[in-house]
Amino acid sequence: MSEKRKFPNVAELMRPSGYGVQVTLITIAAIAVAVVASMVLVSATGGSPGDALDALYTGSIADTAAWSETLKAATPLLLVALGACISNRAGVFNIGQEGQVLLGAAVAAYVALHLALPGTLVMILSLLAGAIAGGLWSGASAVMHYGRNVNIVVSTLLMSFLAIQVVSFAVTVPWLLQAPRASADSIASSESAQLPPSVRIPGFGEYPALEIGGGLVLSIILTIVLAVLLARSRWGFRLNMLGLNPMAARHAGVRAPFAGGMALALSGAFAGLAGAVILSGQVFRLQPALSNNFGWDGLLVALIARSRPLAAVPVALLFGAFRSGSSFLASTGVPNYLVDIVQALLVLAFVVPPVLAKVKSRGRAEATPPPAEPVPSTPTEPEKVTA
Amino acid sequence: MIGTDEITTIVASSLRLTAPLAFAACGEYLAERAGTQNISVEGMMLGGAFGSVAVASATGSATTGLLAGAIVGLVVGFVHGNLSHRIQINTFVVGLVLNAFVLGLTSFLIAISEFDSNQVAQLSIPGLRDIPIIGPLFEQRWPMYLLLLIIPLTWWLVERSRWGLNLRAIADNPQAADVTGLKVNKLRRQALLYAGLLSGLGGAYLATAEVGSFNMNMTAGRGFIVIAAVIFGAWRLKGTMIGCLVFGFADALRLALPALGFELNSQLLVAAPYLMALLAMMLFASKSREPRALGKPFVRGIT
């Protein structure tokens, strides 16, 4: 029962000829459709597509200050996406990042506010604590799956909502994380105290020059390490094998509960780290709204990047640009929710083409008699997108 | 202390909070019995809520709005069905994207539109409605009584109709069902249409029957609670409906307790449905009634 076919890596499967070209063409067409559809929506609702594009540009990459905002938003997105790459590759689909981000931030805040050690050490420990918290939270889903056969997707989703309530609770309790009242007669707010400057992640550059947070540097380093490990290491190979064909992986000696559970825990750890980075690199104060859809959007980044860490970097930058640009949209009368629509359409534009190309080539393979030379057979795996 | 008045109030608010869940849960229950698992219920409900308010405002008729909401849900179900059970994109990815899309689109549209408030009429039975505690049963917006029709219909469809037998077959062993000539993916798309219709109706009920207007992200995770209810009910209709009642009651308590002067942790009550669903999954997993091919895509040729 534990052998479940999930999320084979399409990119790794043998492909019919012309597949790559076809995917590229359909993807370009789909992106065009997504962009045109969004612009039509803007003009149909009385806005000006030109103004909207201009605002998005101004807010995201027009000057160094805008770039700083974009990089700031891209950092947690990239971290979450890296984690999602790991779990998607292993065929254990984690969709609870939103809660794992928040929980990671909360535990990081607790450590940062309660440990009396030198600042830098506290900072490192709080980042670690955030990652461990996220990892344990998603690891619990792995235990439920391999121990009690509970569906991973559903349990990570439900656990995510639990995490949000746990953190909402923690910031209303003074002995956990709630900030002390400013004065005796003021009302205590539902947030933590501010992190002292000594435990924050240092960065490079200062407004108006380009700001590069330490979190960004960390996430780029992790991207490279992860890309190398996934492509070159035994661990990466086992992970891919587990995702591609769990049955073959088991026969090859991959222990699914261990490898899959570890992948799930790692993906949660990356999400937790993202939360810790948001906290001690950008926000400095734990609020229940801190995760701000970074978990959901990071997962979308990984989907567009087809679970490749290096590809996640430009996608995270793009989504970061959407986030920073969207704050400038309001002045044009176009609601900033436009970027959510564009993002969703973009995911579709990247997720549909590989599958569509497969379906088309499958139809062709069935219609024409097989040539004498054996061609790569049409994969019989269920087509999945999380490659 | 709590008197009958307070209990009556809590019963009334439980019913109101349960109804949207119950509509959508009937749909999702049928879809899961066909082997599909759809986190897009959230998007269907949200789209239904928005569609109903928009159309009700345009036509001035809340009933038309209710219908329109159901149709919006149907459209989301249609898209989901074709993406995940025709070209075989992972159903959770499709759900994720659809939820994000519907949330973005409805938030975008509500930010630039103004709608009149429309609410369907209340059905109130004199005499019966004054009975303490169970009185609220007889004083509700009329679409709630549609549940009296839809719940038995859903049961009949799944347990007694030929279509339902086919759905259950493709949920437990799609390969065998395929060999006997059933069109697995087509049946799953049909099941998703039913789920979309009822989830849309659930969202529309929330918007045009209870609230009378649309707010950004007004379903606020109710779609996920619906999925939790189906799991909590161990994939049986009776259990699913009990799950909806329990979750609706927890929600009602969350709203009512502070007014009654109780200091109860509201986060715990919000978390209760998720916690209970997780526990239910862990406890019932070994002797599970979970459809065996639940959430797995069907492609001819794999075992």
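The values are calculated or read from the model by the stated rules, or taken from the named source; none is laboratory data. Owing to the predicted nature of the structure, the values given are computational and were not obtained by experimental measurement. Quick reminder, even Gly has a Cβ in these numbers, built from the backbone with ideal geometry, and neighbours come from all protein chains shown.
Only residues that are crowded, with 24+ Cβ neighbours inside 10 Å and not polar (S, T, N, Q) were counted across the range A:275-289, and they come to 6. Being within 19 Å of B:Val55 (Cβ to Cβ) and not hydrophobic (A, V, I, L, M, F, W, C) is the filter; apply it to the range B:80-121 and report the residue that is surrounded by the most Cβ atoms within 10 Å (Cβ to Cβ). If we take residues in the range B:80-121 being within 19 Å of B:Val55 (Cβ to Cβ) and not hydrophobic (A, V, I, L, M, F, W, C), then B:Thr106 is surrounded by the most Cβ atoms within 10 Å (Cβ to Cβ).
Within the option set A:Ala106, A:Ala73, A:Ala81, being within 14 Å of another protein chain (Cβ to nearest Cβ), assigned to a helix (DSSP H, G or I), out of contact with any strand residue (DSSP E or B) (no Cβ under 7 Å at 6 or more places or on another chain) and over 30 Å from B:Leu294 (Cα atoms) holds for one residue only, A:Ala106. Quick check, is B:Ala169 within 30 Å of A:Ala357 (Cβ to Cβ), surrounded by 14 or more Cβ atoms within 10 Å (Cβ to Cβ) and away from chain A (no Cβ under 14 Å)? Judged against the criteria, B:Ala169 is not a match.
For the range B:198-226, the set of residues classified as surrounded by fewer than 24 Cβ atoms within 10 Å (Cβ to Cβ) and in a helix (DSSP H, G or I) consists of B:Glu210, B:Val211, B:Phe224, listed by residue number.
Yes/no matrix, rows are residues, columns are (1) assigned to a helix (DSSP H, G or I); (2) more than 10 Å from chain B (Cβ to nearest Cβ); (3) over 25 Å from A:Ile86 (Cα atoms); (4) under 16 Å from the mean Cα position of the chain (by Cα):
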| residue | (1), (2), (3), (4) |
| --- | --- |
| A:Leu300 | yes, no, no, yes |
| A:Val313 | yes, yes, no, yes |
| A:Arg323 | yes, yes, no, yes |
| A:Phe328 | yes, yes, yes, no |
| A:Lys358 | yes, no, no, no |
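Would you confirm, using the coordinates I've provided, whether B:Gly47 is part of a helix (DSSP H, G or I), under 25 Å from B:Val230 (Cα atoms) and within 10 Å of another protein chain (Cβ to nearest Cβ)? It is false that B:Gly47 is part of a helix (DSSP H, G or I), under 25 Å from B:Val230 (Cα atoms) and within 10 Å of another protein chain (Cβ to nearest Cβ).
Looking across the range B:252-274 at every residue that is more than 13 Å from chain A (Cβ to nearest Cβ) and not in a loop (DSSP other than H, G, I, E, B), the one that is farthest from B:Asn38 (Cα to Cα) is identified as B:Ala256.
Can you tell me which residues in the range B:141-166 are closer than 17 Å to B:Leu182 by Cα and hydroxyl-bearing (Ser, Thr, Tyr)? Passing the criteria: only B:Ser161. Would you check which residues across the range B:131-146 are part of a helix (DSSP H, G or I), farther than 15 Å from B:Gly3 by Cα and not hydroxyl-bearing (Ser, Thr, Tyr) and list them? The answer is B:Pro136, B:Leu137, B:Phe138, B:Trp142, B:Pro143, B:Met144, B:Leu146. The residue pairs whose first member lies in the range A:135-158 and is facing another protein chain (nearest Cβ under 9 Å), whose second member is of a type in the set (Asp, Glu), and whose beta carbons are closer than 9 Å, counting only pairs six or more residues apart or on different chains, are A:Asn149/B:Glu290; A:Asn151/B:Glu290.
When A:Ala188, A:Ala131 are checked against the criterion of being more than 10 Å from every other protein chain (Cβ to nearest Cβ) and part of a helix (DSSP H, G or I), a single residue qualifies: A:Ala131.
Okay, residues lined up against (1) within 12 Å of another protein chain (Cβ to nearest Cβ); (2) modelled with pLDDT of 90 or more; (3) within 22 Å of A:Ser87 (Cβ to Cβ); (4) not in a helix (DSSP H, G or I):
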{"residue": "A:Leu303", "(1), (2), (3), (4)": "yes, yes, yes, no"}
{"residue": "A:Ser307", "(1), (2), (3), (4)": "yes, yes, yes, yes"}
{"residue": "A:Pro354", "(1), (2), (3), (4)": "yes, no, yes, no"}
{"residue": "A:Pro371", "(1), (2), (3), (4)": "no, no, no, yes"}
{"residue": "A:Pro374", "(1), (2), (3), (4)": "no, no, no, yes"}
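Taken over the range B:91-120, the criterion of being more than 19 Å from the chain's Cα centre (by Cα), more than 7 Å from chain A (Cβ to nearest Cβ) and either in a helix (DSSP H, G or I) or in contact (Cβ under 8 Å) with a residue 40 or more places away in the chain (or both) is satisfied by B:Leu109, B:Ile110, B:Ser113, B:Phe115, B:Asp116, B:Ser117, B:Asn118, B:Gln119, B:Val120. If you go through the range A:160-170 and keep only what is of a type in the set (A, V, I, L, M, F, W, C) and either in contact with a Cys (Cβ under 7 Å, 6 or more places away or on another chain) or facing another protein chain (nearest Cβ under 7 Å) (or both), you end up with A:Phe161, A:Leu162, A:Phe169. In the range B:171-182, is there at least one residue being of a type in the set (Val, Ile, Thr) and either in contact (Cβ under 8 Å) with a residue 12 or more places away in the chain or under 30 Å from B:Ala68 (Cβ atoms) (or both)? No, that holds for no residue. Report yes if B:Ala277 is within 27 Å of B:Val158 (Cα to Cα), more than 10 Å from chain A (Cβ to nearest Cβ), among the small types (Gly, Ala, Ser) and touching a residue at least 12 places away in the same chain (Cβ under 8 Å), otherwise no. It is false that B:Ala277 is within 27 Å of B:Val158 (Cα to Cα), more than 10 Å from chain A (Cβ to nearest Cβ), among the small types (Gly, Ala, Ser) and touching a residue at least 12 places away in the same chain (Cβ under 8 Å).
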